[in-house]
Each structure stands twice: as structure tokens, then as C-alpha cells.
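Some notes on the structure that comes next.
The values are calculated or read from the model by the stated rules, or taken from the named source; none is laboratory data. As the structure is a prediction and not an experimental result, all values here were calculated from the model. In this analysis, Cβ positions are derived from the backbone assuming ideal geometry, glycine residues included, and neighbour counts consider all displayed protein chains.
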Amino acid sequence: MSRTQSSKSQSVQVIPDSAGLEAAAGAAAVAPAQVDPELWRSLSGDPAEEFEAILVSAAGLETLLAQLPAGVTVGHKYRLINSVSVRATAAAIRGLVRLPMIKRIEAVRPVAACEPAAS
């Protein structure tokens, strides 16, 4: 999606911003490395649909919380694993991949306790 404009004396490369790259890639694009692929596929539909996700911080929980954009609602804070649950639109969650303080974005899944093995 980049193009090169040339003149006799110089060459200038025009590269779209990250929002343009995301739009150009389309909804079927491969999930970024830090995003759960199943969640990424779910986010490819209606950009206004709301989803829940778990954000794992790479820079400390307070740093992450301070940098979350408007429209991203924090649910639970998991201080032991440096993570938060959030609710936001598909578009907002897709936009979170650009935040450097986010190490991983996971889908919210049910958790069940396991019984200890009988001795």
C-alpha cells in the first residue's frame, strides 16, 4: 500500500498511517502476535459490536490502566498476573494492539476448578 513518487533529484516513499494499514489489511488478516487468534477472528465483524478481553500488561498494571483509551471499560483487575478484563467495541480492541504496554490480548473464557487427584 505504499507508493514511491520520483523526481529527477529525489525519491519520496509515502506510507499510510497504522489505521490505514489496518483498514487495508482487512478483517481476514492474520492476528498480530500478541492477540489470541480466535479473539481476532471474532473481532472481524461489526466494529461496533462489544466484546470482553483480558489485557496482559508488559509495563505494569498502573501504566496500562493510565493509557487505556476512552471507551474501554475495565472490569476486574488481576494484580497477581498483571492483567485486567475489559469491555469495548471490536474496533477499540483491535486498536489496542498499537499500545506498547500491552503484552497480550486474550479472549475471556470460562474457568473451572479442578479437584485434586485421589491418593
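The figures follow:
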| quantity | calculated |
| --- | --- |
| First in segment 31-60 and surrounded by fewer than 17 Cβ atoms within 10 Å (Cβ to Cβ), second anywhere and in a loop (DSSP other than H, G, I, E, B), Cβ under 6 Å, 6 or more apart | Pro37/Ala31; Ser44/Ala27; Glu52/Val108; Ala58/Met101; Ala59/Met101 |
| Condition check for Leu99: crowded, with 16+ Cβ neighbours inside 10 Å and modelled with pLDDT of 90 or more | yes |
| Conditions (1) over 11 Å from Ala107 (Cα atoms); (2) at pLDDT 95 or above; number of the one not met by Leu55 | (1) |
| Unmet requirement for Val56, which otherwise passes all of (1) within 20 Å of Ala33 (Cβ to Cβ); (2) out of contact with any Asp or Glu (no Cβ under 9 Å at 6 or more places or on another chain) | (2) |
| Segment 64-91, residues that are under 11 Å from Glu52 (Cα atoms), surrounded by 14 or more Cβ atoms within 10 Å (Cβ to Cβ) and without any contact (Cβ under 8 Å) to a residue 24 or more places away in the chain | Val74 |
